[in-house]
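Quick notes on the structure that follows.
The values are calculated or read from the model by the stated rules, or taken from the named source; none is laboratory data. Bear in mind that the values here come from a model prediction, so they are computed numbers and not experimental data. Methodologically, a virtual Cβ is constructed for each residue, glycine included, from the backbone with ideal geometry; neighbour enumeration extends over all protein chains shown.
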Amino acid sequence: MTDKPKVAFYWCASCGGCEEAVVDLAEKVLDVVAAVDIVFWPVALDFKRRDVLAMPDGSLAAVFINGAVRSTEQEEMVHMLRRKAQTVVAFGSCSHLGGIPGLANLFDLDGVLASAYLESPSTVNPDGVLPRPRSEVDGHSLTIPKLYETVRSLDQVIDVDYYLPGCAPTPALIANAVMALLAGTLPPKGSVLAPDVALCDECPRKESKPEQLALSAFKRPSEVILNQEECLLAQGVLCLGAATRGGCEALCIKGNMPCTGCFGATSRVKDQGAKALSAIASMVESNDAAEIERILSSIPDPVGTLYRYSLPASLLRRKHVAAGAGTKG
Amino acid sequence: MPETTTEAGVAPTQFEPKIVAFFCNWCTYLAADLAGTTRLKYAPNIRVVRLMCSGRVDPQFVLEAFVKGADGVLIGGCHPGDCHYESGNYKTLRRFHLLRRMLRDLGIEDERFRLEWISASEAEPLRVAVNDMVEKVRALGPLTLAVPSERAEEPEEVAVP
C-alpha cells in the first residue's frame, strides 16, 4: 500500500446507476486512480467488509455512499464507514434525498413486500414465500438483513459531510468533487457540490419561457410531439426545472425530456415537492374551482411526480396512517 | 358542547385541536378583528398568522405547520374578484386543490386542510367556519406524524421448502 489517500465506495438501496456514473468518468477515472487508493468498492473490487473493519478509525480520506438506507445491513455498514472515514459524501439522489426507493414510504412494509413478491403481474410465487430475516432450510438457519418500515436518506442515519446530487451525478460534478477533496478546497461542511441556482437558470430553452405561463392541461411527453427548442412548460409538459437545482448540464432537456427533479432543490428550499407544487399549480389557467380541479387531474400522481426523488427528505417524510389503519397497496 | 362522562362519572379530557390559520390582511384578518370587537365568540383553537395575502401561503408553511404539531390548517382570503392584489387568491385556490390532493395521498385527511373566502365584514361566517372546522378536526382526533419506529418484533420465521 502506498501513502496515497484512501477512498471507498459503497452502495445501499440503489439501482447501480451511481456505480455506473463512476465508470462513466472514462479516462478521467485514471486520474482518480492515480491520485487515490480505492480500498473498498463491492461492485468492482474484491475487498471485504472485514478488510475495512481492520483499518483504524478515520483512516479513509473519504467514502462515497450511494443509495438510500432501508435495511439493517445498510445501517450497520454506513455506521462502520462513518467511523473509518474523515469525509462522507452522500452520492446520488437516493443517498442525498431518499430517491426513487424512497417512494416506498407511500406504503407500509407489508404492502411493499406484497406488491413485489405476491401481486405484481410478473411474479410467480405459488407458495407465497416472502423474504424473512431467518429461514430454516434443510436443518440450516439462514439469515438475511431485515427491511425497515421507512426508507431514509443517508443523513437521517449518519452525519454526512457533502452531497453529490443527481440520478446519477454527472461525471463533471464527480471529477470536480474528487479534485476539490484532494486539493483541500471543498466548501463548508453540509454543502451540496453543485451550483445553488435553479435549473431554469442554465436551461438552453430559457429564452423561450413566456413571461406568464398559463396551462389548460398537463401532458406527458408521450402525448405530444415536442418542439426541441421551446420551453417544455410552455408546451404543457410538467417540467420541474423551476424547483430543481441546476448543475446537471440540462441533460434531460437536451434529450427533449422534462426535468424530473433529481438534483433536489436549492439551499433556500425546505421541501422540493411543496415548492414545485406552488410553482406548477399557479400556472393553471383558470379561476374556477371545478375547472382547476379538472386541469390538475391531468397530474395523476402528485406525490410521485413532485417528490419523485425526495419523499424521505421531505417535511412529511412518508405517508402517515391513523393508528390501526393499514396502507396496503 | 355536551359533556360525555365515563362510567366512573369523571369527565374525560376533551381533545382540543390546534389549528394554524393563515389570514390575509385585507379580508379574513379583519373579519376576525370584527368578530372580536362585536364580541362574537368562536372556538379558541385557532392560532392566527396574519399575511398580506392568502397568495403568500407557501405550501411549505402548511406542511411545516402539520409537522410542528398543528392538527389542522385553515387559509382565509378575500372572495374571488376581491383580492387586494388582483389575483393572489386565485393562485391560492389552485395551490389549495393540488396540495389537498397531495396531503390526501400522504395520509392527511381533507378536513384538516381548509380554504375559506371571508370578507372584512363577515364576522359571522368566520365564526361558523372556525367552529365547524374545530369540530371536524376534533372528531378526527390528533394528527400524529411520528415516523413509525421500527418493528419491535421479528416477523414470524418461515421454513422454506
Would you be able to say whether some residue in the range A:62-71 is touching a Pro at 6+ places or on another chain (Cβ under 6 Å) and among the hydroxyl-bearing types (Ser, Thr, Tyr)?
yes
Select from the range B:86-109 the residues that are among the hydrophobic types (A, V, I, L, M, F, W, C) and part of a loop (DSSP other than H, G, I, E, B) and write down the one among them that is nearest to the other protein chains (Cβ to nearest Cβ).
B:Leu106
Run down A:Glu229, A:Glu223, A:Glu293 and say which single residue is facing chain B (nearest Cβ under 9 Å) and either in contact (Cβ under 8 Å) with a residue 24 or more places away in the chain or surrounded by fewer than 18 Cβ atoms within 10 Å (Cβ to Cβ) (or both).
A:Glu293
Return the pair list, or none, for Cβ contacts closer than 6 Å from residues in the range B:85-114 that are under 19 Å from B:Val20 (Cβ atoms) to residues that are of a type in the set (Phe, Trp, Tyr), at least 6 apart or on different chains.
B:Arg100/B:Phe113; B:Leu103/B:Phe113
Need a quick list: strands (runs of 3 or more DSSP E) entirely within the range A:114-209 having at least 1 residues that are under 24 Å from the mean Cα position of the chain (by Cα) and either in the same structural domain as A:Phe91 (by TED's automatic domain parsing) or closer than 20 Å to A:Glu75 by Cβ (or both).
A:147-152, A:162-164
Going through the range B:18-49 one residue at a time, which ones are in a loop (DSSP other than H, G, I, E, B) and closer than 26 Å to B:Gly69 by Cβ?
B:Lys18, B:Asn25, B:Lys41, B:Tyr42, B:Ala43, B:Pro44, B:Asn45
Just checking, how many residues over the range B:50-85 are part of a loop (DSSP other than H, G, I, E, B) and at the interface with chain A (Cβ under 10 Å from one of its Cβ atoms)?
5
Per-region count, the range A:174-199, residues of a type in the set (Gly, Ala, Ser), farther than 23 Å from A:Val23 by Cα and surrounded by 17 or more Cβ atoms within 10 Å (Cβ to Cβ)
1
Inside the range A:12-30, can you point out the residues that are surrounded by 11 or more Cβ atoms within 10 Å (Cβ to Cβ), out of contact with any helix residue (DSSP H, G or I) (no Cβ under 8 Å at 6 or more places or on another chain) and among the charged types (D, E, K, R)?
A:Glu19, A:Glu20
Which numbered condition trips up A:Ser71, out of (1) under 18 Å from A:Tyr163 (Cα atoms); (2) in contact with a Leu (Cβ under 8 Å, 6 or more places away or on another chain); (3) in contact (Cβ under 8 Å) with a residue 60 or more places away in the chain; (4) surrounded by fewer than 24 Cβ atoms within 10 Å (Cβ to Cβ)?
(1)
Could you list, in sequence order, all residues of the range B:1-40 that are more than 15 Å from the chain's Cα centre (by Cα), at pLDDT 95 or above and charged (D, E, K, R)?
B:Asp33, B:Arg39
Can you go through A:Ser115, A:Ser122 and tell me which one is more than 29 Å from A:Gly246 (Cβ to Cβ), without any contact (Cβ under 8 Å) to a residue 60 or more places away in the chain and not acidic (Asp, Glu)?
A:Ser122
Qualifying positions in the range B:97-127 - more than 30 Å from A:Leu109 (Cα to Cα), surrounded by 15 or more Cβ atoms within 10 Å (Cβ to Cβ) and out of contact with any Pro (no Cβ under 9 Å at 6 or more places or on another chain):
B:Arg114, B:Leu115, B:Ala120, B:Glu122, B:Ala123, B:Glu124, B:Pro125, B:Leu126, B:Arg127
Go through (1) farther than 24 Å from A:Leu193 by Cβ; (2) hydrophobic (A, V, I, L, M, F, W, C); (3) away from chain B (no Cβ under 14 Å) one by one and return the number of the condition A:Ala104 breaks.
(3)
All but one of (1) out of contact with any helix residue (DSSP H, G or I) (no Cβ under 8 Å at 6 or more places or on another chain); (2) away from chain A (no Cβ under 14 Å); (3) touching a residue at least 12 places away in the same chain (Cβ under 8 Å) hold for B:Thr13; state the number of the condition that does not hold.
(3)
With the structure loaded, tell me whether A:Ala90 is within 15 Å of A:Val178 (Cα to Cα) and either in a loop (DSSP other than H, G, I, E, B) or modelled with pLDDT under 95 (or both) or whether it fails that test.
no
